[in-house]
1. Give the residue, chosen from 223, 204, 252, 275, that is closer than 19 Å to residue 139 by Cα, in a strand (DSSP E or B) and in contact with a helix residue (DSSP H, G or I) (Cβ under 6 Å, 6 or more places away or on another chain).
2. Restricting attention to the stretch 232-247, and to residues there that are farther than 20 Å from residue 168 by Cβ and at pLDDT 95 or above, which single residue is surrounded by the fewest Cβ atoms within 10 Å (Cβ to Cβ)?
3. Can you run down the residue pairs with Cβ atoms below 6 Å, 6 or more apart or on separate chains, where the first is in the stretch 202-215 and within 22 Å of residue 252 (Cβ to Cβ) and the partner is exposed (fewer than 15 other Cβ atoms within 10 Å of the Cβ)?
4. For the stretch 185-212, how many residues are surrounded by 19 or more Cβ atoms within 10 Å (Cβ to Cβ) and within 8 Å of the ligand (Cβ to nearest atom)?
5. Given the conditions (1) exposed (fewer than 15 other Cβ atoms within 10 Å of the Cβ); (2) under 22 Å from residue 23 (Cα atoms), and given that residue 97 satisfies all but one, which numbered condition is not satisfied?
6. Spot the failing condition for residue 264; the list is (1) in contact with a helix residue (DSSP H, G or I) (Cβ under 7 Å, 6 or more places away or on another chain); (2) away from the ligand (no atom under 16 Å from the Cβ); (3) not in a strand (DSSP E or B), and only one is missed.
7. For the stretch 2-16, enumerate the residues that are surrounded by fewer than 16 Cβ atoms within 10 Å (Cβ to Cβ) and either at pLDDT 90 or above or out of contact with any strand residue (DSSP E or B) (no Cβ under 7 Å at 6 or more places or on another chain) (or both).
8. Just to be sure I understand the filter: pairs with C-beta atoms under 9 Å, separated by 6 or more residues or on different chains, first member in the stretch 119-143 and more than 19 Å from residue 38 (Cβ to Cβ) and at pLDDT 95 or above, second member in a helix (DSSP H, G or I) and more than 8 Å from the ligand (Cβ to nearest atom). Which pairs pass?
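The values are calculated or read from the model by the stated rules, or taken from the named source; none is laboratory data. Predicted, not measured: the structure shown is a model, and the values here were computed from it. Using ideal geometry, Cβ is built from the backbone for each residue, glycine included, and neighbour counts are taken over all protein chains shown.
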Ligand code: SAH
């Protein structure tokens, strides 16, 4: 398996529309580099469809009165190139107030709880807005040091579930923030391997990583994190509701701004109540809880 790296030159006026379109096309992540967008796609996506999808999008931009003149080129990255690219680009970051994300080749930052994450092939290095938001919200709802809400919203630090664990980053954070039992699930075996390896790198004995979805776990959880696409979140709303114990919360991220109302409606239909919405750039997150 490999990846396509697209370098795109686009005007500021059309940038957001193009970013949304690339999300719909399955883009794994985008970074901005000296006025250019660098976007990654798995090579399981047909390159002709990717190219045509971008070329045809010019008409959509033109129709919307935006600047249709963007240009792009792309290169193929083998799995090994991809890892090397990540290593070069991976800079340590400090999400929330207590955490620091560190690749294995960096040393710990003093005063912060270090999460060692070797990105490997899985999603979840902590650099994406949605991952950062989930980390910040996990910290917020366990810390008892709430700035924007009553401390009564804090959850018990007993059982944590991470649905779509990727590199295991949220599961590892939950364990390091004091949860007694942590479970991470992912349907992608590559992610399962990466998450299990990262749990080991962090020397965590209470993190269990399993291949599968939320339907493959049993029991109730005090806090659930699910950083997934909005359709997936809506599809698993009943399972999320039945996995939440009394006073338990779910942090849902991964939806684009504008998709959050559908996710909230799906959660309400499953019997959950909305506690909070959070926005970071183009991304929305919501916190829902079981109605008492
Ligand atoms: N939790 C990480 C990774 C999120 S990326 C973070 O916050 O950064 C989303 C992950 O969910 C991917 O690894 C993908 O394989 C997985 N996934 C997608 N649909 C899923 C589903 N229905 N059940 C479980 N995992 C799923």
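1. One residue alone meets the criteria, 252.
2. Taking the candidates together, the pick is 242.
3. 211/189; 213/187
4. 3
5. (2)
6. (1)
7. Correct list: 7, 9, 11, 12, 13, 16.
8. From the stretch 119-143, the pairs are 134/173; 135/173; 138/173; 138/174.
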